[in-house]
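**Q** Sending over a structure as structure tokens; questions will come in a sec.
The values are calculated or read from the model by the stated rules, or taken from the named source; none is laboratory data. This is a predicted model, so every value here is computed, not measured. Ideal geometry is used to build each Cβ from the backbone, glycine not excepted, and the neighbour counts take in all protein chains shown.
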Amino acid sequence: MTAEEGRLVILSGPSCVGKSPLDKALTTFYPELRQQLRPLVLYNSRDPRPGEKDGVAYHFRTRGEIEALRVKDNFVVIEVRGDLQALDLDELASELTKGDVFFEGNPFVGRLLQTHEKMKSVRRLSVFMAPLSKDEILYLRDPEKKVSLQDFVTDVMRRKLFRRTQKQKGELARADVEEIERRAGSAFKELGEAHHFDYVIVNHDGEDSDNWDAFYYPIGDARKALRAFAILLKGETPPGVKKWEADLLH
């Protein structure tokens, strides 16, 4: 890739941390900003969730179909929380010539977009959404608390994922519970990637929270996260949103 006209905007974080409702709220309350972002649509081997459309949320394909993309030079295939995902680099390059491109998703692909050899010349804004604040992490890390930070993060995200899945499906099947455990179990490792991103937005109102849309206007951390992201898109820095240190979790 050569230097492109557009900027690649990356919003990553653990599953259910609130990335998708933030994107929806951005469309509602900052349409002029959202309209400037062309969505980056990946290939994914998982089944669509309720409300997801093929070609919009992902290009939903079988695992075998995505495995077959490994032989193509323009595709990067990556395992993500038990799903197989693929990125079309040629499609991304083409979209960047038309303007800014927006990736909203997991930190594994987020890091790929930061580090891939063919992406060196691309201008980027990378944002990580975290379910805990820096102060909370430092508090929990205190040896006197005798808390396993990894277990704590896993439990926080497990509860969010349970509530989200119950809202979507009602009664949970065994496969739903297994999927929740995979995603919750991956959250601590994903949180460890936060320091690679330009900015970290703290958000306690995950995708399961009513604070995004139950009252039309977002409230609580949902409102704060939305406002912070909008300010970053404008090229400004919101108060309290900054890069994390590499050793924060240890």
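**Q** Within the group L92, L40, L87, which residue is under 23 Å from H196 (Cα atoms), in contact (Cβ under 8 Å) with a residue 24 or more places away in the chain and in contact with an Asp or Glu (Cβ under 8 Å, 6 or more places away or on another chain)?
**A** Being under 23 Å from H196 (Cα atoms), in contact (Cβ under 8 Å) with a residue 24 or more places away in the chain and in contact with an Asp or Glu (Cβ under 8 Å, 6 or more places away or on another chain) holds for just one of L92, L40, L87, which is L40.
**Q** Separate question: For the range 119-126, check the following and say yes or no: at least one residue is touching a residue at least 24 places away in the same chain (Cβ under 8 Å), surrounded by fewer than 15 Cβ atoms within 10 Å (Cβ to Cβ) and among the polar types (S, T, N, Q).
**A** Scanning the range 119-126 turns up at least one residue that is touching a residue at least 24 places away in the same chain (Cβ under 8 Å), surrounded by fewer than 15 Cβ atoms within 10 Å (Cβ to Cβ) and among the polar types (S, T, N, Q).
**Q** Go through the residues of the range 73-92 one by one and say whether even a single one is over 19 Å from the mean Cα position of the chain (by Cα), farther than 25 Å from W244 by Cβ and in a strand (DSSP E or B).
**A** Checking the range 73-92: at least one residue is over 19 Å from the mean Cα position of the chain (by Cα), farther than 25 Å from W244 by Cβ and in a strand (DSSP E or B).
**Q** Can you tell me which residue among D198, D205 is touching a residue at least 12 places away in the same chain (Cβ under 8 Å) and either surrounded by fewer than 20 Cβ atoms within 10 Å (Cβ to Cβ) or farther than 16 Å from C16 by Cα (or both)?
**A** From the options D198, D205, the qualifying one is D198.
**Q** Run P50 past the list (1) in a helix (DSSP H, G or I); (2) surrounded by fewer than 13 Cβ atoms within 10 Å (Cβ to Cβ) and report the number of the one that doesn't hold.
**A** (1)
**Q** Confirm whether L161 is farther than 22 Å from E245 by Cα and modelled with pLDDT under 95.
**A** Against the criterion (farther than 22 Å from E245 by Cα and modelled with pLDDT under 95), L161 does not qualify.
**Q** Right, here's the next one. Looking only at the range 196-229, which residues are within 16 Å of the chain's Cα centre (by Cα) and either part of a helix (DSSP H, G or I) or basic (K, R) (or both)?
**A** Within the range 196-229, H196, A222, A225, L226, A228, F229 meet the criteria.
**Q** Now for a different question. Which residues, taken from the range 61-78, are surrounded by 13 or more Cβ atoms within 10 Å (Cβ to Cβ), more than 23 Å from T115 (Cα to Cα) and out of contact with any helix residue (DSSP H, G or I) (no Cβ under 9 Å at 6 or more places or on another chain)?
**A** E65, A68
**Q** With respect to V17, is the statement that it is exposed (fewer than 14 other Cβ atoms within 10 Å of the Cβ), among the aliphatic types (A, V, I, L, M) and at pLDDT 95 or above true?
**A** no
**Q** Being among the aliphatic types (A, V, I, L, M) and in contact (Cβ under 8 Å) with a residue 24 or more places away in the chain is the filter here, so list the residues in the range 230-244 that pass it.
**A** A230, L232, L233, V241
**Q** Still on this model: Which residue, of Y30, Y58, is at pLDDT 95 or above, closer than 27 Å to T97 by Cα and surrounded by 14 or more Cβ atoms within 10 Å (Cβ to Cβ)?
**A** Exactly one of Y30, Y58 is at pLDDT 95 or above, closer than 27 Å to T97 by Cα and surrounded by 14 or more Cβ atoms within 10 Å (Cβ to Cβ), namely Y30.
Okay, residues lined up against (1) of a type in the set (A, V, I, L, M, F, W, C); (2) in contact (Cβ under 8 Å) with a residue 24 or more places away in the chain; (3) part of a helix (DSSP H, G or I):
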residue: D135; (1), (2), (3): no, no, yes
residue: L140; (1), (2), (3): yes, no, yes
residue: V147; (1), (2), (3): yes, no, no
residue: D151; (1), (2), (3): no, no, yes
residue: E171; (1), (2), (3): no, no, no
residue: E178; (1), (2), (3): no, no, yes
residue: R182; (1), (2), (3): no, yes, yes
residue: S186; (1), (2), (3): no, yes, yes
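**Q** Also, I was wondering about something else. Is it true that K167 is within 16 Å of V17 (Cβ to Cβ), at pLDDT below 95 and in a helix (DSSP H, G or I)?
**A** Yes, satisfied.
**Q** Tell me the residue from G64, G55, G82, G110 that is of a type outside the set (D, E) and either within 26 Å of L232 (Cβ to Cβ) or touching a His at 6+ places or on another chain (Cβ under 7 Å) (or both), please.
**A** Answer to the selection: G110.
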